[in-house]
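Note sheet for the following structure.
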Amino acid sequence: MSETPPFLERHQFLIYRLFSLAGLVPVGAFLAVHLLTNASVLGGAASFQSRVDLIHSLGPLLVPVEVAFIFLPIMFHAAVGFVIIANGMPNVGSYPYVGNVRYALQRATGMVAFAFIVWHIIQLHWLGAPLGGGQFDPHYATSTAAVALQPTWVTILYAIGILAAVFHFANGLWTLGITWGIWTSPAAMRRANVISIVVGVGLAAAGLGALGGMRAVDVEQARAVETWMHEQLERQQPPTAEPAPVAAARKED
Amino acid sequence: MIRAIDGDALRTGDGRSRQAAPLVRVRILRQDVAGGESYWERFEVPHEPNMNVISLLQKIAAAARTQDGRRVAPVAWDCSCLEEVCGSCTMLINGRTRMACSALVDKLLEENGGEVELRPMSKFPVVRDLVVDRRRLFRSLERVQAWVPVDDSYDHGPGPRISPEQQQDAYPLSECISCGCCLEACPQFTKIEPVLRDGESDADFEARRRQAFDAAFLGAHAISQAMLFNSHPTGGMIADERMESLTGRGGIQICGNAQNCVAVCPKRIPLTRSIARAGRAATVWAIKKLFDR
Ligand code: SF4
Ligand code: SF4
Ligand code: FES
């Protein structure tokens, strides 16, 4: 009489645990690396460009790596996430406890971050100006990113997207520890909470710092630095010393 | 408003002062039959010192008249022990799940601007007025076998000893009264109310209900009870079976860590600790299963 439950329900535990794990690695880890890489723009156009060059040194492997370790895990995490959101019933109005507010925010920031990521990728990869800002070109990393982020409304949406993603990650880190049974006592949960807050504040600073850094870039000078760096590379002589225009590549602050 | 009561006058018992006793306003969400429409009704009850919601309901049932004097069927509710141990009187009091027998009217009036609001629990099907059908709560306890299995009458001798530390750890969990507050407040625990289909036999309906229950979230109480009996030396003999249920459909993975359960539990059971321990046990269990098969 009892039918076999559908595949997704039979493997519900495994799927939810993989969902939780994916949020930490690779998705969360990628978020951290991504924001810290971007924050390197605060060290000047050359510093950011050399990091982008490092990533792009994967050459033809880059796209498969991005698909396997970033795109698919994010899609999996988002798909399961939407199922979870659809099955829950937030009740912050009746039970306005901190944990419950965090539960609701975790779901809200997940949706905001997902919408932001979709727009962010389409804008920088393909559409450019029609979706605000412009397209990103890894050969001219700093200058094109700076142009893309110039419009104020783009900057505001980025700030919202970054903060949503960072909250989702930091809070998710804390709940992940409960889910897997890493912190079990209330005291351990409080200590873990402090760690999550530190991680969250740190990543938020890196993300917003990167955003501010990109906006402060002097596009002309950044482009000069990038061109100079490419010439150096073409002569098979990777620059050993920081090139002269670097220091001036950022507007005086 | 209540501070205006002339307590001494009440104690003298003379008729005039009695009439002056302030009235407690009560708003109740009623429902005549299972699956029927719900509707609000207002009542007024003379205030008495130290009233709780059960004594309030007793007066409402005795008068069976609404605020505007209409005769109505007495309001129905569940209760038994009147001291927060049977777990049967759970309802939404001023919008928050709690035990009617330990909810003091004076505090409720302060909390809700001079009115008491009563609703049936929202996560269980209403049977009538404030009475709900909590079968799913008990089915969850069955799913995790929340007992020590002793199914024969042989004398097996004394059981293993339990250290005072273990006992201290387990005792709070054993205080669960199956009230369902943790389920009512849990955003991940949603209502299941199957409706009898045309021509469906009672047995088929019951089987369908059972199936729906078994696919859905266990709830914090059952997770905590599973951890209680797994930590018991004799109860732990079927620990693996409980882990199977905890990691099965509707198991521990559904918990979203909102931690409302622990905030509303009238017995202050450390539910989130139980949930995290169950999470740890499930992690170990899953790895073991992967490598031991
Ligand atoms: S911690 Fe889990 S069981 Fe408790 S209220 Fe939250 S989701 Fe429900
Ligand atoms: S765990 Fe607490 S809230 Fe839940 S049923 Fe038991 S006593 Fe009630
Ligand atoms: S009547 Fe038993 S708990 Fe309230």
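Nothing in this text is a laboratory measurement; each read-out follows from the coordinates by a stated rule. Given the structure is predicted, the values throughout are model-derived calculations rather than measurements. Neighbour counts are summed over all protein chains in view; Cβ atoms, including those assigned to glycine, are modelled from backbone coordinates with ideal geometry.
Test B:Ala170 against the stated conditions and say whether it is within 16 Å of ligand 2 (Cβ to nearest atom), within 18 Å of the chain's Cα centre (by Cα), within 30 Å of B:Glu83 (Cα to Cα) and small (Gly, Ala, Ser). Answer is no for this residue. Might you check whether a residue that is under 27 Å from B:Val150 (Cα atoms) and away from ligand 2 (no atom under 16 Å from the Cβ) occurs anywhere in segment B:216-229? No, segment B:216-229 contains no residue that is under 27 Å from B:Val150 (Cα atoms) and away from ligand 2 (no atom under 16 Å from the Cβ). Does any residue in segment B:201-212 that is under 18 Å from B:Leu141 (Cβ atoms) come within less than 7 Å, Cβ to Cβ, of a residue that is aliphatic (A, V, I, L, M) and surrounded by 15 or more Cβ atoms within 10 Å (Cβ to Cβ) six or more places away or on a different chain, and which pairs are these? Close Cβ pairs satisfying both conditions: B:Ala212/B:Ile192.
Residue by residue, here is whether (1) within 15 Å of A:His168 (Cα to Cα); (2) within 14 Å of chain B (Cβ to nearest Cβ) holds:
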| site | (1), (2) |
| --- | --- |
| A:Pro6 | no, yes |
| A:Leu62 | no, no |
| A:His77 | yes, no |
| A:Gly88 | no, yes |
| A:Val92 | no, yes |
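Taking the conditions exactly as written (more than 13 Å from ligand 1 (Cβ to nearest atom), aliphatic (A, V, I, L, M) and in a helix (DSSP H, G or I)), does B:Ala263 satisfy them or not? It is false that B:Ala263 is more than 13 Å from ligand 1 (Cβ to nearest atom), aliphatic (A, V, I, L, M) and in a helix (DSSP H, G or I). Looking across segment B:222-247 at every residue that is more than 7 Å from every other protein chain (Cβ to nearest Cβ) and assigned to a loop (DSSP other than H, G, I, E, B), the one that is nearest to A:Asn171 (Cα to Cα) is identified as B:Ser231. Just give me the residues in segment B:172-196 being more than 15 Å from ligand 1 (Cβ to nearest atom) and part of a helix (DSSP H, G or I), in sequence order. If the condition is that a residue be more than 15 Å from ligand 1 (Cβ to nearest atom) and part of a helix (DSSP H, G or I), then B:Pro172, B:Ser174 are the ones that fit.
When residues in segment B:252-293 are screened for being more than 16 Å from ligand 2 (Cβ to nearest atom), within 19 Å of B:Leu173 (Cβ to Cβ) and out of contact with any helix residue (DSSP H, G or I) (no Cβ under 6 Å at 6 or more places or on another chain), 2 of them pass.
For segment A:16-75, the set of residues classified as on the phi > 0 side of the Ramachandran plot and in contact (Cβ under 8 Å) with a residue 12 or more places away in the chain consists of A:Gly44 only. Candidates B:Val148, B:Val105, B:Val132, B:Val144: the one that is of a type in the set (Val, Ile, Thr), within 16 Å of ligand 3 (Cβ to nearest atom) and over 15 Å from the mean Cα position of the chain (by Cα) is B:Val105.
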